[in-house]
Structures are given as structure tokens and as C-alpha cells.
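The values are calculated or read from the model by the stated rules, or taken from the named source; none is laboratory data. What you see is a predicted model, and the numbers here were worked out from it, not measured in a lab. Heads up, the Cβs are rebuilt from the backbone with ideal geometry, glycines too, and the neighbour counts pull from every protein chain shown. Accessible surface areas use protein heavy atoms only, side chains included; no ligands, DNA or RNA. Shrake-Rupley method; radii C 1.70, N 1.55, O 1.52, S 1.80 Å.
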Amino acid sequence: METELVKPNLKNFIKSLRDVGYTFEIAIADILDNSISANATEVKIYTVPKPELVFYMLDNGSGMYDNELLEAMRLATKNPDDERDKKDLGRFGLGLKTASFSQCKKLTVISKKDNQLSIKQWDLDYISEVNEWELITPEINTYQDIPFFNELSSSKSGTLVIWEKIDKYKQDTFSHKVEKLNSHLSLVFHRFLEGSDSFTRLKISVNGNYLKPFDPFNSNHDATFEQSPEIINFYGSNIKITSFILPHHKNLSREEWDRFGTEDGYIKSQGFYLYRANRLLIYGTWWGLHKASDAHKLVRIKIDISNSQDGYWGIDIKKSTANPLPELKKDLKRIIQKVTKDGFKPFSTRGRKINDKTTTRFWTIVPDHDGFHFGVNKEHPIYIKLIESLPEENKDLFNSYLKGLQAYLPLESIQHQLQQNPHHIKQENLLTDNDKKELFIKLKNLGFDKKYIESLLKTELYKNHEELFDANEFI
């Protein structure tokens with residue numbers, strides 16, 4: 001058998017390596033995983049677009065000796081099948097490099113351990129030029145004036161990650177990337193920011209502003225419904241699944257409703273939230289097991305797995321997509337059916353029952369062949385008196401107008417606004433208390449009998465609004 005060594009064209013290979021689908025915030029989260037694995041309790045990020053787009057991230061973790069840093073800079077430094085520490089958030093040994101290369105052409109890492117400073121650098125332009133994976137050891141004094149260097153120098157241990165030659169973003173739109181970064185880190189690492197009995201609370205700051213944890217389940221709210229956790233044993237590993245139904249918008253302030261809807265909205269934020277070793281990986285997905293709908297927009301299901309279960313869930317290098325095994329999907333589908341059945345109740349029962357027999361509504365549901373439509377209630381006492389008072393030649397015109405009103409009810413627009421802006425809808429404010437009182441007095445002065453007044457008091461205009469007037473005075 002004959003063989004020959006065929007080296008890849010690194011210039012072309014690097015272009016492919018850089019195009020692996022990382023976004024700015026996902027790349028930084030991937031690097032931050034290393035800080036958590038190094039037992040850091042604080043991570044500081046500094047990134048600005050001008051005069052030159054730069055990124056620096058400092059942690060106070062255990063740091064690395066020179067030989068450890070060299071190994072950390074190696075691509076695929078870990079065997080993904082090796083057993084890892086329970087708190088280790090990495091797997092392939094690629095995160096630091098691939099995440100950084102996706103955003104910049106020069107990656108420099110300065111680390112300190114037991115008061116020893118070490119520095120290593122990958123420069124993709126240099127690699128392309130020499131066509132070899134040559135790792136650079138720069139002169140450390142050339143980085144003495146950068147942010148966080150003095151802080152690292154005065155610390156016992158820690159690691160500073162530096163991105164240079166960032167070429168993916170425009171300076172003028174970069175502020176939006178920072179906002180997205182803040183919200184992403186607050187969500188993905190919210191358990192670490194909250195702290196717990198199992199690990200020390202982590203502090204993360206971006207440009208001097210400390211992030212607050214964002215719990216996507218609004219767990220501490222009294223109106224959040226949390227089901228008892230279910231433990232699934234899968235090939236000897238435990239999977240913990242907890243289902244939540246978030247509070248209806250009537251139980252939240254407008255600010256809270258918007259915040260927990262996230263910038264993606266409630267429809268896109270429903271579904272599974274997969275945590276590995278307390279770190280949120282994937283969220284807002286049903287994995288094709290259920291169709292996202294308005295009825296289930298308040299349903300969110302938390303899944304907790306250990307870092308030894310990646311193979312069962314098909315987690316990718318970026319830790320941003322997953323595809324559970326078919327055997328797992330059977331259990332997940334069963335859980336979906338249970339929680340969506342329960343999750344529909346709090347949402348659907350919040351609305352007024354349009355066919356409620358105890359209250360006379362302006363609108364009613366009218367059977368129509370094999371379906372139904374929303375129609376004006378022609379048994380409403382005000383409609384009855386109004387139609388009776390019209391001349392015959394105007395009755396048909398008036399009813400034609402009502403048919404048009406019913407036929408062109410903007411259902412899609414109503415549904416959209418209910419989903420996206422429920423707190424902005426002020427429909428009932430069109431009739432003030434004073435309007436209702438004046439209308440009642442006008443109707444009474446028309447000389448209607450006691451029976452009619454009693455029917456009027458059963459309408460949604462006046463039922464449960466006795467404080468507007470003394471009803472007994474008019475009956």
C-alpha cells in the first residue's frame with residue numbers, strides 16, 4: 001500500500017473553519033463556558049466599536065501554565081468521548097478557537113497561574129501566509145496597555161481573551177450586538193448568576209454593567225404554575241423534566257409581560273428549554289413534536305441533563321442546536337400532551353365566555369352550516385329598541401351595515417395584537433363610566449317598563465357596575 005502526505009490548503013480551510021454559524025453572542029457564551037469550567041466567580045467583558053472594534057474578556061479562574069495554555073490553544077484538544085468533570089461545559093476542545101475564529105482573525109490568550117504569566121496567539125493571516133499551524137508567542141509587553149492587563153497582572157490567577165481583526169460587523173450597528181449579548185448571557189447563564197447550593201454565584205459584567213439573571217420560567221411569580229418534576233432514566237442517566245405555565249397577561253404588569261415574552265415573542269419562546277450542567281443550551285423549540293400555537297404560548301418545559309448525555313441529544317459544537325434520539329422523543333411527546341392540555345386551561349378560561357347565558361353580550365357565536373361566525377347579538381335590549389325605532393326603509397340599510405361589520409371583523413389583526421401587545425389594547429375604554437350612566441338614564445327616560453330595565457341590567461354594560469347608579473331607583 002502506498003501513501004503520501006497531502007496537506008490541506010490552509011488559506012481555503014480557514015475560510016471554511018470561520019463559517020460555522022456562530023453569532024456574536026453565541027460565540028462569547030461558548031468562550032465563557034471555559035471560565036466557568038475554570039471555577040471563575042467573575043467574568044468581565046469589554047467590547048466597543050470605536051475607534052477600532054475590540055473585544056476583551058477577563059476571568060478570575062484558575063488560569064493556566066504555559067504548557068497548559070499551549071494545549072488549550074490546540075484545536076480539538078479534548079476527546080469528546082472522555083468522561084469529564086460534572087461542571088465542565090466543554091466537549092470537543094474547539095469552543096475557544098472556533099468561536100473566536102468565527103468573529104476575528106487574531107486570537108490572543110494571556111493566562112496567569114501561581115503568579116506566572118503566559119501568552120499564546122493564533123493569527124489566521126499569518127497561518128495563511130506560511131501555510132502551517134504555527135502558534136505565536138508574542139512579546140507580552142506589547143499588551144501591557146490593553147484593558148484588564150493590569151488587573152490580571154495584579155491577580156494570583158485568571159485568563160484574558162483578546163480578539164483583534166474583528167471583521168464581521170459594522171461599527172454603526174454594533175450597539176445592537178451588545179444589547180443582544182447582554183440579554184443572551186443573562187438568559188443562558190441565569191442559574192450561575194442566581195447562584196445555588198451546588199456552585200458559587202457568578203458575576204458577569206459587560207462594559208462595566210453587571211448582568212441580572214433572567215429566569216425564563218418566571219418561577220418566583222405567584223401565578224406561575226409549576227408541575228412536579230418527572231425523572232426519566234435513560235440508559236442509566238437521569239433526565240429531569242419540569243413543566244411550567246407562565247402567568248396570564250392579566251396577572252402581570254405590561255413591563256413584566258413584555259420582558260418574559262422576550263424579543264422573540266411568546267409564540268416563538270414556547271416549548272423546551274434544555275439545560276446541560278445548569279447551562280441553558282437550546283430554548284424555544286418543540287423539536288418538531290408539536291406545532292407552536294397561541295393557545296400554548298405560555299407553556300415552557302425545562303429539561304436538565306448531565307454533561308455525559310450529549311450523544312443522546314445530538315448537541316452540536318456551538319451548543320445552539322440539538323436533536324434528541326427517537327426513544328427520547330416518545331417520552332417528550334407524552335409530556336407535551338400532558339402539559340399542553342393543562343396549559344390551555346389558564347389561557348382559555350381567562351377570556352369572557354361569549355356564550356355565557358347569565359350575561360347579555362353585544363356579540364354572540366352563531367352556528368353557520370359546518371362552522372360558526374361571530375355575530376351581533378340581535379336579542380340585546382338596545383338592539384331590539386333601536387331596530388323598532390327605525391323607519392322601515394332604514395331597517396334593511398342598518399342590518400346590511402351590521403352584516404358588513406360582522407363579515408369583515410379583522411380577526412387576524414385582533415389575534416396578532418392579542419399575542420404581541422395585549423396590554424396596549426384599550427377597547428373597553430371607548431365607553432367611560434359616565435357614558436354608561438348617561439346612556440342608562442336616556443333609555444330610562446324613554447319610558448321603558450320594569451322588565452326592559454331588568455334586561456338592560458343583565459347586559460355587559462351594566463352587570464356588576466351597580467356603583468354607577470342606584471338601580472333600584474329605576475326599577
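Mean residue ellipticity, 222 nm, helices only, the chain: the sum of -39500 (n - 2.57) across DSSP H runs of n ≥ 4, divided by residue count and rounded to 500, is -10000 deg cm²/dmol. Full extension of the chain segment joining PHE372 with ASP316 gains 15.4 nm, where the gain is 0.36 nm per residue of separation less the Cα-Cα distance. When the surface is traced with a 1.4 Å probe over the full set of protein chains, PHE192 keeps roughly 20 Å² accessible. The alpha carbon convex hull volume per residue for the stretch 373-465 rounds to 129 Å³.
Compared with the alpha-carbon gap, the fully stretched path from ASN394 to THR359 is longer by 9.7 nm at 0.36 nm per residue.
In terms of overall dimensions, the C-alpha atoms belonging to the stretch 166-211 reach 42, 18, 16 Å along their principal axes, ordered largest to smallest. The residues neighbouring HIS190, those whose beta-carbon lies less than 12 Å from its own, together hold a net charge of +3 under the Lys/Arg +1, Asp/Glu -1 convention. Of all the C-alpha pairs in the chain, what % are more than 43 Å from each other? Looking at the chain, the distances longer than 43 Å represent 37 percent of pairs. In the structure displayed, which of LYS268/LYS426; LYS106/LYS168; LYS180/LYS329 lie more than 22 Å apart, Cα to Cα? Table pairs above 22 Å Cα-Cα are LYS268/LYS426; LYS180/LYS329.
At a probe radius of 1.4 angstrom, the accessible area of the chain per residue rounds to 56 square angstrom. Ordering PRO391, ASN218, TRP286 by the projection of their Cα atoms onto the charge dipole of the chain, which places +1 on the Cβ of Lys and Arg and -1 on the Cβ of Asp and Glu, puts PRO391 at the extreme positive end.
What you get for the chain, charging only the Cβ of Lys and Arg (+1) and of Asp and Glu (-1), is a dipole of about 840 debye around the Cα centre. Residue-wise HN-Hα couplings along the stretch 118-134, as the Karplus relation 6.51 cos²θ - 1.76 cosθ + 1.60 with θ = phi - 60° gives them from phi, are 9, 9, 9, 8, 9, 10, 5, 5, 5, 4, 4, 6, 8, 6, 8, 7, 9 Hz; Gly and Pro carry x. Electrostatic tally near LYS403: other residues with Cβ closer than 14 Å to its Cβ, Lys and Arg +1, Asp and Glu -1, net 0.
Taken along the Cα-to-beta-carbon direction at a fixed 7 Å, the label points for ASN323 and THR3 span 3.2 nm. Given R0 = 22 Å, the distance between the Cβ atoms of ASN233 and ARG334 translates into a calculated FRET efficiency of 0.90. Within the accessible area of the stretch 160-297, the carbon and sulfur atoms contribute 45%, probe 1.4 Å, all protein chains present. Kirkwood Rh over Cα pairs of the stretch 186-301 into Stokes-Einstein at 20 °C, 1.002 mPa s: D in µm²/s? This corresponds to a translational diffusion coefficient of 138 µm²/s. Note on LYS112: lysines with a C-alpha under 22 Å away, same-chain residues under 8 apart excluded, are LYS44, LYS78, LYS87, LYS97, LYS120, LYS156, LYS203. FRET efficiency for the pair LYS426 and LYS170, taken as 1/(1 + (r/R0)^6) with r the Cβ-Cβ distance and R0 = 35 Å, rounds to 0.35.
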